[in-house]
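All remarks here apply to the structure that follows.
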Amino acid sequence: SVGLIDVSTLGKIEVRGPEAGAFLDRAYAGSFSDMRIGTSRYGLLLDEGGIVRDDGVVARLGEACYYITTTTSGAANVYRELLLWNTRWRLDCAFINATGHRAAFNLAGPASRDVIAQLTDIDVSTAAFPFLHVRTGRVADVPARVIRAGFVAALGFEIHVPFSQASRVWDALMQAGAAAAL
């Protein structure tokens, strides 16, 4: 009824600044500058020829702040390419490679909402936290970014926390999930 997987190896990059949305509109297929704060979208990173270079989730955290995930194998190259493109395009935005600073876990399955609800101050109800939305709050009393995404099941939560607190959050999720598995 619930599963947990460590997805910490995914790339994690923050894009900040007044032209962050315009930058993502140029680098990814689709439009990201028109996203509402607190939402996320699947994104395809393209090269100049329109060839897919990488994919991941793009979440809008604030007016001028986005958080993107990349594939594990593409993390370093994506970060480098984003920096290179912005050197050429000269848009007013900056990039923070948070890959080594944030752990991430995917909690999925029919009981995932019940499990995470025990550990968070975020309202995880369907009405308050729809699919492809992002919320910030605390999970196991640790600051967290939670993306309502489902790659292995219709109901899933991707939980991003400081790497220094990863074990604490993992253990709390495992303990809360054990009760759901009975």
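Computed values, structure above
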| quantity | calculated |
| --- | --- |
| Difference of contour (0.36 nm per residue) and Cα-Cα distance, R41 to R26 | 3.9 nm |
| Degrees separating the helix 75-89 axis from the principal Cα axis of the chain, which is the longest one | 40 |
| Net length gained if the chain between N77 and A64 were fully extended (0.36 nm per residue, minus Cα distance) | 2.3 nm |
| For the chain: accessible area per residue (Å², 1.4 Å) | 47 |
| Total charge dipole magnitude, the chain, about the Cα centre, Cβ charges on Lys, Arg, Asp, Glu only, Debye to nearest 20 | 100 |
| The range 136-174 and the range 31-48: distance between their alpha carbon centers, rounded to Å | 22 |
| On Cα atoms only, tilt of 166-181 relative to the major axis of the chain in degrees | 50 |
| 9 Å beta-carbon shell around N106, net charge (K/R +1, D/E -1) | -2 |
| Protein accessible area in the range 98-181, 1.4 Å probe - carbon and sulfur % | 58 |
| A117-M174 pseudo-label distance in nm [points 7 Å out on the Cα-to-Cβ vector] | 2.5 |
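The values are calculated or read from the model by the stated rules, or taken from the named source; none is laboratory data. Just so it is clear, the model here is predicted, and its values are computed rather than measured. Every residue, glycine among them, receives a Cβ derived from its backbone with ideal geometry; neighbour counts consider all protein chains shown. We work out accessible area using only protein heavy atoms, side chains counted, and drop any ligands, DNA or RNA first. Shrake-Rupley method; radii C 1.70, N 1.55, O 1.52, S 1.80 Å.
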